[in-house]
Amino acid sequence: MSGSGENIMVILSSPSGVGKTTLTKKIQQKYKSFKISVSHTTRSPRSNEIHGIDYFFISNKKFEELIEKKKFYEYAKIFENYYGTLKKNVDESIITNDLIFDIDWQGTKQLSNYKNLKLIKIFLITDNKNELKKRLINRNQNTDAEIDRRFKSFDEDIKHWNDYDYIIINKNLEVCFKQIENIILSNKKNNYLSS
Ligand code: 5GP
């Protein structure tokens, strides 16, 4: 990992459907210094997703080649598809930008092994599992079987809250966004003070 200077790396993890993607995009829109780390995945694109913006959609074969060549900082198999963060993309972006990672707990654990990085690890949860199921259904992006699988992984996902620096309960998107902003701003301020 390259020396990342004053730029920060914010990891946002959550069970599926808690609002992470919306929040990630809101942060990037408000804070122009932030770039979203675009992952590679073997899952198929959803109708609203664009290659290179939402993900780099690649084949299983290509993904496994990249694993073999040790090109990833982290990767995981989630819901039967691979997802991973390419070293090259992070190393290039962090020179000029702050980065947000929308990755799961497995990837967070792997990134945490790079002790030279000052990661800010945020875990988002909902206090209402029924609400979560409704959101997964309403967003209309997954088959019934996928919704079920994503919903069932909730209990496994939240077991890993302890690996994070901050836990936020997303009851209200605006409040949640404010909390994330405060975390980011206080960490940026610490950077300025120590520079
Ligand atoms: P989705 O299929 O809904 O886009 O993402 C499913 C899960 O994969 C989400 O929890 C998301 O945070 C996670 N994910 C996306 N990209 C990566 C990645 O590069 N690495 C890891 N470990 N998880 C990822």
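At a glance:
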{"quantity": "Qualifying residues in region 7-18 (those that are open to solvent by 10 Å² or more (accessible area, probe 1.4 Å) and within 8 Å of the ligand (Cβ to nearest atom)) - the one nearest to the chain's Cα centre (by Cα)", "calculated": "S14"}
{"quantity": "Scope region 149-173; condition part of a helix (DSSP H, G or I) and either under 16 Å from the mean Cα position of the chain (by Cα) or within 14 Å of the ligand (Cβ to nearest atom) (or both); matching residues", "calculated": "R149, R150, F151, K152, F154, E156, D157, I158, W161, D163"}
{"quantity": "For G52: the one exception among (1) free of Cβ contacts under 8 Å to residues at least 40 places away in the same chain; (2) in contact with a strand residue (DSSP E or B) (Cβ under 8 Å, 6 or more places away or on another chain); (3) more than 22 Å from E156 (Cβ to Cβ)", "calculated": "(2)"}
{"quantity": "Region 54-89 - residue that is hydrophobic (A, V, I, L, M, F, W, C) and at pLDDT below 95 and, of those, least open to solvent (accessible area, probe 1.4 Å)", "calculated": "I78"}
{"quantity": "Residue tally, condition at pLDDT 85 or above and open to solvent by 20 Å² or more (accessible area, probe 1.4 Å), over region 121-142", "calculated": "2"}
{"quantity": "Search result, residues across region 90-99 that are open to solvent by 10 Å² or more (accessible area, probe 1.4 Å) and within 23 Å of I67 (Cβ to Cβ)", "calculated": "D91, E92, S93"}
{"quantity": "All positions within region 129-158 that are within 26 Å of I183 (Cβ to Cβ) and without any contact (Cβ under 8 Å) to a residue 24 or more places away in the chain", "calculated": "E131, D155, E156"}
{"quantity": "Every pair of residues 6+ apart whose Cβ atoms lie under 8 Å, when the first sits in region 1-25 and is under 16 Å from V90 (Cα atoms) and modelled with pLDDT of 80 or more while the second is open to solvent by 40 Å² or more (accessible area, probe 1.4 Å) and more than 13 Å from the ligand (Cβ to nearest atom)", "calculated": "E6/Y192; E6/S195; N7/S33; N7/I95; N7/T96; I8/K118; M9/K118"}
{"quantity": "Hits in region 19-31 (condition: of a type outside the set (D, E, K, R) and more than 9 Å from the ligand (Cβ to nearest atom))", "calculated": "G19, T22, L23, T24, I27, Q28, Q29, Y31"}
{"quantity": "Top-ranked residue in region 37-53 [being closer than 26 Å to L117 by Cα and surrounded by 13 or more Cβ atoms within 10 Å (Cβ to Cβ); ranked as nearest to the ligand (Cβ to nearest atom)]", "calculated": "S39"}
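Residue by residue, here is whether (1) farther than 18 Å from T21 by Cβ; (2) open to solvent by 80 Å² or more (accessible area, probe 1.4 Å); (3) out of contact with any strand residue (DSSP E or B) (no Cβ under 6 Å at 6 or more places or on another chain) holds:
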residue: F101; (1), (2), (3): no, no, no
residue: L111; (1), (2), (3): yes, no, no
residue: L119; (1), (2), (3): yes, no, no
residue: D144; (1), (2), (3): yes, yes, yes
residue: I184; (1), (2), (3): no, no, yes
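The values are calculated or read from the model by the stated rules, or taken from the named source; none is laboratory data. Small disclaimer: the values here were computed from a predicted structure and weren't measured. All Cβ positions, even for glycine, are placed from backbone atoms using ideal geometry, and neighbour counts span all protein chains on display. Just so you know, the surface numbers come from the protein's heavy atoms only, side chains and all, with ligands and any DNA or RNA stripped out. Shrake-Rupley method; radii C 1.70, N 1.55, O 1.52, S 1.80 Å.
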